[in-house]
1. Just need the relative contact order of the chain here, percent rounded to a whole number, with Cα pairs under 8 Å and 6+ apart.
2. What percentages, rounded to whole numbers, describe P(r) for the range 118-215 computed over all alpha carbon pairs with 10 Å bin width beginning at zero?
3. On a C-alpha basis, how far is the centre of the range 198-248 from the centre of the range 159-187 in Å? Whole number, if you could?
4. Give me the net charge for the shell around Ser164: Cβ to Cβ below 14 angstrom, other residues only, Lys and Arg +1, Asp and Glu -1.
5. Could you estimate the translational diffusion coefficient of the range 69-153 from the Stokes-Einstein equation, with Rh from the Kirkwood formula over C-alpha pairs, at 4 °C and 1.567 mPa s, in whole µm²/s?
6. How about the range 93-185: which chymotrypsin sites (Phe, Trp or Tyr not before Pro) there are in a DSSP loop, with at most 16 other Cβ atoms within 10 Å of their Cβ?
7. Hydropathy first: keep DSSP H helices in the chain averaging at least 0.0 on Kyte-Doolittle, then drop any whose Cα extent along the axis falls short of 24 Å, and list what survives.
8. Take every DSSP beta bridge with both residues inside the range 43-199 and express the antiparallel ones as a percent of the total, to the nearest 5.
Amino acid sequence: MNDLLIIGGGPGALSCAITARQRNLSCTVISAGDTSGWLARAEQLDNYPGLPRVSGRELLRIFRDQAESLGASFRTGVARQIQSFGGTFMVLVDNDILEARAIVLATGTARPQLLPGEESLLGQGVSWCGTCDGMFYRGKRVAVISAWHGGVEEALFLAGLASSVDYFTLKTHEAPADPRITLRPEKPTELRRENGVLEVIAGGSALPYDGVFVFRPAVAPDRLLPGLALDGSFIHTDRRMATSLPFVYACGDCTGQPFQVAKAVGEGNIAAISCSEDLAHA
Ligand SMILES: Cc1cc2nc3c(=O)[nH]c(=O)nc-3n(C[C@H](O)[C@H](O)[C@H](O)COP(=O)(O)OP(=O)(O)OC[C@H]3O[C@@H](n4cnc5c(N)ncnc54)[C@H](O)[C@@H]3O)c2cc1C
């Protein structure tokens with residue numbers, strides 16, 4: 001079990017990992033991918049102290065190399081759900097469960113744009129997790145709606161259970177090539193239940209399914225960790241970067257403006273120090 005799991009992969013998460021390792025905490029950084037955060041999109045930064053005119057990708061590489069050289073572990077994947085059981089956090093990452101004594105959320109600003117009907121049907125035929133809910137659809141008709149390549153693996157897993165899997169692409173990525181999966185060219189615009197039938201509205205038609213799985217490279221923070229207090233759409237923290245939940249901290253853009261690398265890095269450092277102090281007294 002890790003002392004600390006850090007959800008993110010941008011400057012906030014990597015700064016937190018660096019200080020966590022200096023404080024001798026074992027930690028794993030869980031990230032949807034090196035190019036998925038904001039910093040990878042910044043062509044040149046002119047206001048990060050000590051590294052004038054650095055590109056976002058280069059800065060990320062430097063941060064990551066430093067964290068890795070200090071012994072931080074890395075895991076590529078989306079954290080979908082976090083649950084706390086008697087002092088241990090269980091984090092569902094794709095099809096695995098990782099455990100830790102504390103959590104740092106450094107998830108950036110990504111807020112998934114949900115389809116109309118998606119939220120209200122969640123748990124009633126609509127799911128965001130193939131591993132959690134796939135078994136309910138053994139021998140049934142399933143739709144996978146995916147905004148990224150992570151949906152491919154989930155669709156392959158579901159194809160081993162369901163009687164049929166239709167794959168809809170929300171944003172361009174390489175779709176699965178498997179004879180058990182039917183690729184649908186239409187763009188889904190809505191999910192609904194009409195006369196008891198779960199339907200995907202796509203290309204002007206209402207297509208019936210028993211289950212609909214939606215996959216995106218981000219999860220809203222209060223869905224990721226139920227009970228987490230928010231300030232608007234940002235995670236509420238105090239000056240120690242502690243959230244409303246014990247042993248859960250947050251840093252970077254997910255705690256609010258200004259959206260700046262220096263702020264993310266500073267907050268990541270504070271989150272790691274607070275976490276190390278709290279775990280020492282646990
Ligand atoms: C074009 C552009 C130019 C910019 N220029 C500057 C500049 O000049 N100076 C400056 O200071 N700032 C600049 N910024 C802002 C800066 O990039 C951000 O403030 C900074 O990257 C925030 O860091 P972060 O770690 O909080 O989030 P991010 O860098 O956004 O990283 C968040 C990471 O978390 C991952 N993630 C989210 N949810 C999950 C999950 N459930 N499971 C796993 N991983 C997850 C994301 O995929 C992402 O990799 C710029 C941003 C952009 C877009």
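1. Working: 605 pairs, mean separation 60.5, N = 282.
Relative contact order comes out at 21 percent.
2. 17, 56, 26, 1
3. Centre-to-centre distance over Cα atoms comes out at 23 Å.
4. Details: positive: Arg138, Lys140, Arg141, Arg180, Arg184; negative: Asp166, Asp178, Asp210.
In short, +2.
5. Working: Rh = 15.3 Å.
The diffusion coefficient I find is 84 µm²/s.
6. Numbers: sites: Trp128, Phe136, Tyr137, Trp148, Phe157, Tyr167, Phe168; in loops: Trp128, Trp148.
Within the range 93-185, no chymotrypsin sites (Phe, Trp or Tyr not before Pro) qualify (loop, at most 16 other Cβ atoms within 10 Å).
7. On the way: long enough: 261-280 (29 Å, 0.62).
Flagged H segments are 261-280.
8. Numbers: 15 of 26 bridges.
Rounded to the nearest five, the antiparallel share is 60 percent.
The values are calculated or read from the model by the stated rules, or taken from the named source; none is laboratory data. Everything quoted here is computed from the prediction, not taken from an experiment. Note: ideal-geometry Cβ built from the backbone for every residue, glycine included; neighbour counts use all protein chains shown. Note: accessible area is taken over every heavy atom of the protein model, side chains too, but ligands, DNA and RNA are not part of it. Shrake-Rupley method; radii C 1.70, N 1.55, O 1.52, S 1.80 Å.
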